[in-house]
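Below you'll find the structure, written out as structure tokens, and then a few comments.
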Amino acid sequence: MTENKKESLEESLKGYKEKIAPVVKATLSWDRDLIFTGRTNEGYEIEFDAHVQWGCKPTDALLLSLAGCMGIDVVMFLQKMKAEIANFKIDIIGERNPTPPQYFKAVEMILNIAGKNLDPKKVERAITLSREKYCSVYNSLRNDMDVKVKYILEENKKAYGVRS
């Protein structure tokens, strides 16, 4: 990507996430057993259940939050780079420490992207921007967590990898 294109992309991203409130509020209420309901300030709810019968595990929600945050960034960046996204899916695998605290030691994400005007350099730039500057979830995780991101472009059926 040329220096002019990089500057143009950076310029088009001005204001992105600047509207995010510096303080985020939510509530978590105990329902029964080991089941809790989390409510965002906007009224959205997610149920957590240690036994995974009535809701998801908090660690699953963390993986989905990471994928959601990076997915939003990558799709938005690719759209600004004039790629036409027809389909986008992230498969995410987390490896946890075997003993408490059972934090995530490593995460692997595979981005499956279908569409037109998909260029590996654009995808790598979008992933880099998300990881280094814009993804709040990624940047809130442990510094020693090994995160690998790979992607598959359906346009030409090639698989690529981006190092952490």
Expected output for the stretch 15-34 (first residue over 27 Å from residue 57 (Cα atoms), partner of a type outside the set (Gly, Ala, Ser) and in a loop (DSSP other than H, G, I, E, B), Cβ below 6 Å, 6+ apart or cross-chain) is none
So residue 46 clears everything in (1) touching an Asp or Glu at 6+ places or on another chain (Cβ under 8 Å); (2) modelled with pLDDT of 95 or more except one condition, right? Which one?
(1)
Against the condition over 20 Å from residue 40 (Cβ atoms) and not acidic (Asp, Glu), how does residue 70 come out, does it pass?
no
Selection from the stretch 94-110 of residues assigned to a loop (DSSP other than H, G, I, E, B) and touching a strand residue (DSSP E or B) at 6+ places or on another chain (Cβ under 8 Å) yields 97, 102, 103
For the stretch 7-28, state whether one or more residues are modelled with pLDDT of 90 or more, closer than 27 Å to residue 111 by Cα and not assigned by TED's automatic domain parsing to the domain that holds residue 111.
no
Any residue that is without any contact (Cβ under 8 Å) to a residue 24 or more places away in the chain and either within 13 Å of the chain's Cα centre (by Cα) or under 19 Å from residue 63 (Cα atoms) (or both) - is there at least one of those in the stretch 117-137?
yes
Across the stretch 57-107, what is the total count of residues that are in contact with a Lys or Arg (Cβ under 9 Å, 6 or more places away or on another chain), among the charged types (D, E, K, R) and over 30 Å from residue 11 (Cα atoms)?
3
Given the conditions (1) in the same structural domain as residue 138 (by TED's automatic domain parsing); (2) part of a helix (DSSP H, G or I); (3) of a type outside the set (S, T, N, Q), report the number of the one that residue 85 does not fulfil.
(2)
Would you be able to say whether some residue in the stretch 86-96 is charged (D, E, K, R) and exposed (fewer than 12 other Cβ atoms within 10 Å of the Cβ)?
no
Pull up the stretch 51-85, narrow it to residues that are in contact with a strand residue (DSSP E or B) (Cβ under 8 Å, 6 or more places away or on another chain) and among the small types (Gly, Ala, Ser), then point me to the one that is surrounded by the fewest Cβ atoms within 10 Å (Cβ to Cβ).
61
Matching residues in the stretch 111-135 - criterion: being farther than 13 Å from residue 73 by Cα and either part of a strand (DSSP E or B) or among the charged types (D, E, K, R) (or both)
112, 113, 114, 115, 116, 119, 121
Enumerate the pairs (first residue in the stretch 61-72 and assigned by TED's automatic domain parsing to the domain that holds residue 93; second residue anywhere and of a type in the set (D, E, K, R)) with beta-carbon separation below 8 Å, excluding pairs fewer than 6 apart on the same chain, so at least 6 apart or on different chains.
70/131
On the basis of being among the aliphatic types (A, V, I, L, M) and part of a strand (DSSP E or B), does residue 46 make the cut?
yes
Residue list for the stretch 131-153, restricted to those being surrounded by 15 or more Cβ atoms within 10 Å (Cβ to Cβ), out of contact with any Lys or Arg (no Cβ under 9 Å at 6 or more places or on another chain) and over 20 Å from residue 94 (Cβ atoms)
153
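The values are calculated or read from the model by the stated rules, or taken from the named source; none is laboratory data. Because the structure is predicted, anything quoted here is derived from the model rather than measured. Counting neighbours? That spans all protein chains shown, and the Cβs are built from the backbone with ideal geometry, glycine included.
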